[in-house]
Each structure stands twice: as C-alpha cells, then as structure tokens.
Amino acid sequence: MLPITEKAIRAAFVNASRKEVSDITLPTGFDALDWDALDYLGWRDPKIGRRAYAIVPDGDALVGLLFRQADGGTRTRPQCAWCQDVRLPNDVLFYSARRSGASGRNGNTVGTLVCADFQCSANVRNPPPPAYLGFDVEAARQERIVSLRQRAAAFARDVRGA
Ligand SMILES: [Zn+2]
C-alpha cells in the first residue's frame, strides 16, 4: 500500500467514535514501516487491551476499522480468513467490528478470524511450497497478495454496509 500519515489514519475510521479515534496509539515503529510490503495496516493498540485496528485500502479510499478481540479462545488453531495461510504460521483471533452508523450504534457487528498481530501481508509474501513440478511459485504468490487485498476490502465494505 502507499504510505499514509497519522492524520489520514485518524480520518479513515468508519466505525469508531471521536473519542475512540483520539485514543488510538499508532503501531510501534510506525515511522519505519515498509509500506511496499503491506496490503493493509493492522495493529493491536499497545495501551488498550483487546483493541485493534486495520486501515484497509479499497480502491482510492482508505477504510479504518476498529476491532474488539472477542472473549474466549478457539479449540483448534483456526485459519485466518484474510490471508488463508494453510501453514497456520501464527495465532489467529476472532475480532469483531461494529458496523458503521446507526446499525453499529444499535449493536450490530461483523466478525472475522484474522492473524493475531495482522501478519497477513508477510504470510502471503512467503513463497508457497511448490505443489508439483513446473508450479509457478511467483504467480501463486502474486495471486495470494491480490486475494488478501480483495478479502480485506470486502470485509471493510461489509462493515460500512456498502
Ligand atoms: Zn492472516
């Protein structure tokens, strides 16, 4: 994704109150992020427990999502719904996002299983194991990057009710 400023991040949220947006702490190392290696920016709030965020590009727009980590755990190690990495390289958590506007104020949420520390972009950039002779690893890698972007954007549209 293209580099974005703190101001753009705070202006992007579609499901957070003004107070929640002002309470956001940026991710550690924000000034040194490798934006080329990110399809979306996701992080857990370093100061507020169970709070996380994602800034998802959708076309020309940036959609900021505020998440709450759901209570309880899962029995089996789940797969991330966004990067769908079958190697299960990291913990995956159930995060819920309030819907935009009146719907969200009435308590409606959308949930998804996502990599606990939003490692999806790194996961899809790991070359997949060659499945058979002549398997085009680079093409498969590019396809996974595109799919991740589409799934994240689709989730963002769901939250906005678009
Ligand atoms: Zn993931």
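The values are calculated or read from the model by the stated rules, or taken from the named source; none is laboratory data. What you are looking at is a predicted structure, and each value in this text was computed from that prediction instead of being measured. When we count neighbours, we look across all protein chains shown, and the Cβ atoms used for this are built from the backbone with ideal geometry, even at glycine.
Determine the pairs where a residue that is closer than 13 Å to Asp158 by Cα, located within the range 57-69, has a partner that is outside any strand (DSSP E or B) and among the basic types (Lys, Arg) with Cβ atoms under 7 Å apart, the partner being 6 or more residues away or on another chain.
As it stands, the answer is Asp58/Arg157; Val63/Arg160, since those pairs meet every condition given.
Checking Tyr132 against (1) assigned to a helix (DSSP H, G or I); (2) loosely packed, with under 11 Cβ neighbours inside 10 Å: exactly one of these is not met. Which one?
(1)
Is it fair to say Asn15 is touching a helix residue (DSSP H, G or I) at 6+ places or on another chain (Cβ under 9 Å), in a loop (DSSP other than H, G, I, E, B), closer than 16 Å to Gly111 by Cβ and in contact (Cβ under 8 Å) with a residue 24 or more places away in the chain?
yes
The conditions are (1) within 16 Å of the ligand (Cβ to nearest atom); (2) assigned to a strand (DSSP E or B); (3) closer than 24 Å to Ala8 by Cβ, and Leu93 fails exactly one of them. Which is it?
Every listed condition holds for Leu93 apart from (3).
If the Cβ limit is 8 Å and pairs must be 6+ apart or interchain, which residue in the range 85-111 that is hydrophobic (A, V, I, L, M, F, W, C) pairs with which residue that is assigned to a loop (DSSP other than H, G, I, E, B) and surrounded by 19 or more Cβ atoms within 10 Å (Cβ to Cβ)?
Val92/Cys80; Ala97/Asn15; Val110/Arg99
If we scan the range 44-51, do we find a residue that is among the small types (Gly, Ala, Ser), surrounded by fewer than 21 Cβ atoms within 10 Å (Cβ to Cβ) and touching a residue at least 24 places away in the same chain (Cβ under 8 Å)?
no
Do you know which residues across the range 76-109 are among the β-branched types (Val, Ile, Thr) and either more than 19 Å from Arg149 (Cα to Cα) or crowded, with 18+ Cβ neighbours inside 10 Å (or both)?
Result: Thr76, Val92, Thr109.
Go through the range 21-35 residue by residue and tally those that are surrounded by fewer than 16 Cβ atoms within 10 Å (Cβ to Cβ) and out of contact with any Pro (no Cβ under 9 Å at 6 or more places or on another chain).
Number of matching residues: 7.
Only one residue in Ala153, Ala140, Ala122 is assigned to a helix (DSSP H, G or I), more than 14 Å from the ligand (Cβ to nearest atom) and either modelled with pLDDT of 95 or more or among the basic types (Lys, Arg) (or both), so which one is that?
Residue meeting the stated conditions: Ala153.
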